[in-house]
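Student: I am attaching a structure below and will ask some questions about it afterwards.
Readers should treat all values here as calculations from the given coordinates under stated rules, not as data from a laboratory. Everything numeric here is computed off the predicted structure, so don't read it as measured data. For neighbour counting, all protein chains shown are included, and Cβ atoms are generated from backbone atoms with ideal geometry for every residue, glycine included.
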Amino acid sequence: MRAPVILIAAVLVSFCFVSADDTQAAAPTTLPGFSESDVEYIKQKEEKFEFQAEVSRLMDIIINSLYSNREIFLREIISNASDALDKIRFKSLTDKAELGEGDVAELDIRISFDKKAKTLTITDKGIGMTKEELIKNLGVVANSGTTQFLQAAGKGGAEPLQLIGQFGVGFYSVYLVADRVTVASKSNASDKQFIWMSAADKTFTVVEDPRGNTLGRGTSVTLHIKEDAEEFLDQSSLERIASKYSEFINFPIYLQVTKTESKEVPVEEEAKDDESKEGEDVEVKDEDEKKEEKKKTKTVTEEVTSWKLLNEQKAIWTRKPADVTPKEYEDFYKALTKDYSGFLDHVHFSAEGEIAFKSILYIPKVAAHDLYDKYYGKSTSLKLYVRRVLISDEFEDFMPRYLSFIKGVVDSDDLPLNVGRETLAKSKVLKVMGKKLTRKALQMLQDLAKEEEKEVEDEKKKAEEKKDEEKTDKEEEEKKEEKKPKKRYTEFYGQFGKSIKLGIIEDSSNKAKLAKLLRFPTTKSDTAISLQEYVDRMKEKQDSIYYITGESLDAVKSSPFLERLKQRNLEVVMMTDPLDEYVVTQLQDFEGKKLMSVTKEGLQLPEDGDEKKKEAAYEKKYESLCKWLKNVLGDKVEKVKVSNRIAESPAVLVTGQFGWSANMERIMKAQTFSDPSKQQYMVSKKTLEINPRHPLIKEMRERAEANPDEEGLKDLATLMYDSALVSSGFTIDQAKDFSARIHRVMSVGLKVDPSAPVEDDADLDLSDADEPTSDATSAESDSSDATKEDDKDEL
């Protein structure tokens, strides 16, 4: 609601500088609830008045409500100076005399400061202002000389140039840091130079400059800095602010800098009084002695003032991509981001339509060390410019958060801004820009992935063509090394793969595009591959994409869940990133193929008729054992069934289709603020799946049918459950019970009575034991011996 209030305030202030005739508005022809005669009466009898406003109070509201960051004042003044320079350059196209000669013709902006006088001065060689323009442009709030200039220049046709400030309030940001402002200006339209002065109250003064024409042409704004704003009289602060906001202004910006230099100067002899020399002998020196005296010097320091150029880097996004060299893109990236590790790829484009803008987007080579630590902080690394003036580099909704690693610039000539240009209007235009930028960023990633896929495919073809040829020549081997694929996308995925996964979780509209960018290792490929490549080499009868999640690649490779699939030569995607658990909940399918976890129930493998018959026969044969195991294990498992996924292990534990997997359960338990009471509803009931081909299961079935109440067999069944719990990725909750079962099984194996008591040491025979010598006693003895030796030495 801030912007409308400020606009109203600005309009009210402007009323105080215009005549009553200018504020007359036509009376309405109709009024709701009034008859025609009533309306006619109102027209004849109405009285009109001007709005009254306390100017000093309104100025205070505008200054303190318009900007939240005080350093913005320098951006506003430099922007005004840039507009003034653009105006004179535009006028010089038709009249070269307007530009002048000598120093005046050098269009630039210069910043200087005086710590003693507490002043900061910004001078330009722009179009300047006459006395009347000073009164109108600076004395009437929200009156923009830029807007009037554009209107006058555009009467002959299309708008000839784009200028920055068109609201007329940016100048007043100076009062954020200054309690008084002096503006000196000289225009070609006037022979005299004038001074405008004000202290942000209800008055201002204009007077002819008694110094004469010191500017030649242009405007000089001198700020008398407040006591609490003296940091803006610091050289490094001014350099940082000017470089940050105005780095890409078309005209050179110079800062007056002072540095201390040392130099050698001749030593001067002290003058002697001629009168004191009377009567004294005059010392005669030869030529060599005189030369030696002349060579005597001393080192002195002095303050040297010079002008430092602040905006050497040019706005290359304003040029056509074909006109920009790779070296320029590289230099621009380093200047923009201060990242000297370089970038992987970039895209330079212009967008048109509902809103027009130009942009350069970069993919860095290396991720920032805190990229994911501060993931929910600053959401983008893009800098938004309006006509090369930085507006902001922090937007919440400009681009999706998962693309925050993308760096670059966006520059728009017609972006709607509020009167302060500090924040963007909350409109759909910003969302339109965000969608276009997101689309370009994703396209850049897709192109990077396709480039690598093509390189790998070409390499495979070459390898097949030359597989029968002998390569013994060293030069051939070196060439082969040079032609290896660049694998730029692999390099990208190693740094920013988490961002792609976060995108699938957060951005449902682009989920299909992002899914194609995912890369995972599989049971048939240690090199990460795409889901598309997996689908392309699926078996004919395979309808699902099989995947497994786990803590590490080694743990997943040795998982019992993969045994049967490996036997059947079925490829399984291996996911070891904690984010993968969240990804698969969002990504239910890919290219019409359902993603199926091999650790959850309901696993369906491509089977022929004979295999289905075998499974049915096993289920019938082991039906009694499944019931017995369920009775023994009780609530620990929801059910027991014959497994179609294990080949070598006796049993595994699987979870329900819609609950947490074992890996997800582990991740959630590791959370710092996890609440077990709130997690119970997501913890799946476990299903024990047994391997009917395993000898242990066969023996257990026979013994369970012969003696179902045997305690030792129940212990073995429970121990098998514990073993399956660990091998399936779960943790044992009752460690004490597990340990007791292990000890009972050990007792049986060692033929020891499990109930035999632990021996008491009361019956231990101590007669043959040696006298123990403690460490303390030994140390004391050693110390005593050492003392005796010292005493002997002293004697």
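Student: Among 447-459, 593-605, how do they line up by average Cβ neighbours within 10 Å per residue, starting with the highest? Could the numbers behind the result be given before it?
Tutor: Values: 447-459: 15.3, 593-605: 17.8.
Top to bottom by mean Cβ count within 10 Å: 593-605, 447-459.
Student: To continue, here is another question. Suppose every Lys and Arg Cβ carries +1 and every Asp and Glu Cβ carries -1, with no other charges. What dipole size does the range 616-749 come out with about its Cα centre, to the nearest 20 debye? Please list the in-between numbers first.
Tutor: Working: 21 positive and 18 negative charges, 59 e Å.
The dipole magnitude comes to about 280 debye.
Student: Considering only Leu403, Met433, Leu382, whose Cα is most displaced toward the positive end of the charge dipole of the range 316-448, charges sitting on Cβ of Lys, Arg (+1) and Asp, Glu (-1)?
Tutor: Met433
Student: Classify the range 316-448 from the C-alpha gyration tensor, please: rounded if a/c falls under 1.5, else prolate or oblate depending on whether a/b exceeds b/c. Present the calculation step by step, with values, prior to reporting the outcome.
Tutor: Values: a/c = 1.55, a/b = 1.18, b/c = 1.31.
It comes out oblate by the Cα gyration axes.
Student: Here's a follow-up. With just the Cα atoms defining each centre, how far is the range 32-46 from the range 714-747? Give it in Å.
Tutor: Using only Cα atoms, the two centres lie 95 Å from each other.
Student: Among 323-333, 685-695, how do they line up from the highest to the lowest mean number of other beta-carbon atoms within 10 Å?
Tutor: Working: 323-333: 13.6, 685-695: 19.6.
In descending order of packing, they fall as 685-695, 323-333.
Student: Continuing with this model, one more query. Let's see if you can work this out: charge +1 on each Lys and Arg Cβ, -1 on each Asp and Glu Cβ, no other charges. What is the dipole magnitude of the range 87-133 about its Cα centre, in debye to the nearest 20? The partial results should precede the final answer.
Tutor: Details: 10 positive and 10 negative charges, 62 e Å.
That gives a dipole near 300 debye.
Student: Let a ≥ b ≥ c be the square roots of the eigenvalues of the Cα gyration tensor of the range 612-756; is it rounded (a/c under 1.5), or, if not, prolate (a/b larger than b/c) or oblate?
Tutor: Numbers: a/c = 2.22, a/b = 1.21, b/c = 1.83.
The shape class here is oblate.
Student: Going highest first, how would you order 408-414, 381-387 by mean Cβ packing within 10 Å? Don't jump to the answer; show the numbers that get you there.
Tutor: Working: 408-414: 20.7, 381-387: 22.9.
Put in order of decreasing packing, that is 381-387, 408-414.
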